[in-house]
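A short write-up of the structure that comes next.
Bear in mind that the values in this text are calculations on the coordinates, not laboratory data. All values reported here derive from a predicted model rather than from experimental measurement. Reconstructed Cβ throughout: ideal geometry from the backbone, glycine too, with neighbour counts over all protein chains shown.
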Amino acid sequence: MFCSICFKKSGYTVLTNDSLYSDFVISKAIIENKNVILNENFLNFKLTEEEIKKKYNEISFLTDKLYFKNEVEELAEFLIMAEKIGSTSNEYKKYLLLSLIRRAMIRKLPYSRMNIPWEQIVKLRDEEYSYKKYKRKRAYHNFTFKKHITDNIQNYNNAVFDNGKNNKAYHKDAFDLICNLNENVDIIYIDPPYPSTMNKYGDFYGLFDKITHNEINYTNLTQKDTFLENFLNIINLCKNKTKYIVISENNKTNPSATDLVNVLKGFGTVKIISKEHQYKLTGKTNKNSTNEMLIILKIGKSSL
């Protein structure tokens, strides 16, 4: 997402894709959207008890899994508001609200992930326990959905701008998108969920896709035994659509960056830019040091 914003700010036409709907809604709201912003008028929607009950029943599995019952009921109301905006107003307002709902859902969860056991969530949402254990109360976990959303509307609105291009956001499997890409592009940037890293994005955020009924099937790139084969197939599809392929990597992955570079050399000239980065773990004094890399492939005569 950060790279997409940088390219958009630099005046390029940007095409984004993510197989998770939870990420797609942000790209739709910020990258594709040119000038539509969201005000708090959606809070004036009159919701019936029947509507709220129906939506709650759809998402009630989140109760005592991610949130308390009253919080899931509040979440149901905002999901209904997003649906109503989508049917009565500009669709980008819907995606802005969905992006804010997504943020609120994650912000209310310890470690910002949806696969934390409920017992752990309850424990870490206890502000006194959190302070005693980590010297931070983390009161934001207990803010209402409404507070999270309304506090951040202006920040999301401020991120909307028109760079004079027709940018586009997609929600597809990578293979489907590339196969149906009918134009050549300057650069294809790939940041896949690598094996042997913190890559369970479906587990982390996929429940958002489920409650919005937007789950899709997509190629699993997290399996060590099939990663290089799948990645080779992606590069084969991309090579006739661009001159440059840029890939994010780090030195903790398996297959390694060296393994990946050896595959890429069969397609052209490869350059690596590396920078040390330290990941700070919440509640820990130690840090994990990692080398973050950009692997730049210039399509052309093989460098082998």
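Expressed as a rounded percentage, what relative contact order does the chain have, with Cα pairs under 8 Å and six or more residues apart? Can you show the working numbers first?
Numbers: 449 pairs, mean separation 60.8, N = 304.
So the answer I get is 20 percent.
Under the definition of Cα pairs under 8 Å and six or more residues apart, what whole-number percent is the relative contact order of region 172-299?
Details: 183 pairs, mean separation 36.5, N = 128.
Once divided by the residue count of region 172-299, the mean separation gives 29 percent.
Under the rule of at least 5 residues apart or a separate chain, name every residue whose amide H is placed under 5 Å from the amide H of K168.
V14, L15, T16
Just round it to a whole percent: the fraction of Cα-Cα distances in region 1-120 exceeding 23 Å. List each step's numbers first, then the result.
Details: 2801 of 7140 pairs.
Above the 23 Å cut-off, region 1-120 has 39 percent of its Cα pairs.
Mind checking the angle between helix 201-211 and the chain's longest principal axis? C-alpha axes, 0 to 90 degrees, to the nearest 10.
Helix 201-211 sits at roughly 50 degrees to that axis.
Roughly how many debye, to the nearest 20, is the charge dipole of region 172-299 about its Cα centre, given +1 on each Lys and Arg Cβ, -1 on each Asp and Glu Cβ, and no other charges?
Numbers: 15 positive and 14 negative charges, 96 e Å.
In debye, rounded to 20, region 172-299 gives about 460.
Work out the length of the dipole vector of the chain about its Cα centre, built from +1 on the beta-carbon of each Lys and Arg and -1 on the beta-carbon of each Asp and Glu, and round it to the nearest 20 debye. Kindly include the intermediate steps, with their values, before the conclusion.
On the way: 46 positive and 35 negative charges, 213 e Å.
Charge dipole, the chain, about its Cα centre: 1020 debye, nearest 20.
Strictly greater than 27 Å: what percent of every Cα pair in region 172-299 meets that?
Values: 2130 of 8128 pairs.
When all Cα pairs of region 172-299 are counted, 26 percent exceed 27 Å.
Considering just Cα atoms, how many Å³ per residue does the convex hull of the chain enclose? Show your work: numbers first, answer last.
Values: hull volume 44.8 nm³, N = 304.
So the per-residue hull volume is 147 Å³.
Whole-Hz ³J(HN,Hα) for each residue in region 226-233, computed from phi via Karplus 6.51 cos²θ - 1.76 cosθ + 1.60 with θ = phi - 60°, x for glycine and proline: what do you get?
So the J values, rounded to whole Hz, are 10, 4, 5, 5, 5, 5, 4, 5.
Dipole of region 24-158, Cα-centred, from +1 at each Lys and Arg C-beta and -1 at each Asp and Glu C-beta, to the nearest 20 debye?
On the way: 26 positive and 18 negative charges, 134 e Å.
Here region 24-158 has a charge dipole of around 640 debye.
Under the Karplus relation 6.51 cos²θ - 1.76 cosθ + 1.60, θ = phi - 60°, what is the ordered set of whole-Hz ³J(HN,Hα) values for region 38-44, x standing for Gly and Pro?
Couplings: 10, 10, 8, 4, 4, 5, 8 Hz.
Please work out the FRET efficiency for the pair T88 and N180, using the Cβ-Cβ distance as r and a Förster radius of 45 Å; give the result to the nearest 0.05.
Using R0 = 45 Å, I get an efficiency of 0.90.
If you take the charge dipole of the chain about its Cα centre, with +1 on Lys and Arg Cβ and -1 on Asp and Glu Cβ, which of I296, F231, N163 is farthest toward its positive end?
I296
Output the pairs from K93/K146; K53/K172; K123/K200; K53/K210; K65/K135 with a Cα-Cα distance over 28 Å in this structure; if there are none, say none. Walk me through the numbers before you get to the answer.
Numbers: K93/K146 16 Å; K53/K172 32 Å; K123/K200 23 Å; K53/K210 18 Å; K65/K135 26 Å.
K53/K172, as the Cα separations exceed 28 Å there.
If you filter region 1-35 for trypsin sites (Lys or Arg not before Pro), then keep DSSP loop positions with at most 14 other Cβ within 10 Å, what is left? Don't skip to the answer; put the middle values down first.
Details: sites: K8, K9, K28, K34; in loops: K34.
Qualifying residues, ordered by number: K34.
Can you say what percent of the DSSP beta bridges in the chain, counting only those with both residues inside, are antiparallel? Round to 5. Display every interim value, and only then the final one.
Details: 20 of 29 bridges.
Here the share of antiparallel DSSP bridges comes out near 70 percent.
Quick one: Karplus J couplings for region 171-186, per residue in order, coefficients 6.51, -1.76, 1.60, θ = phi - 60°, nearest Hz, x for Gly and Pro?
10, 9, 5, 4, 5, 4, 5, 5, 4, 9, 7, 9, 9, 7, 10, 6
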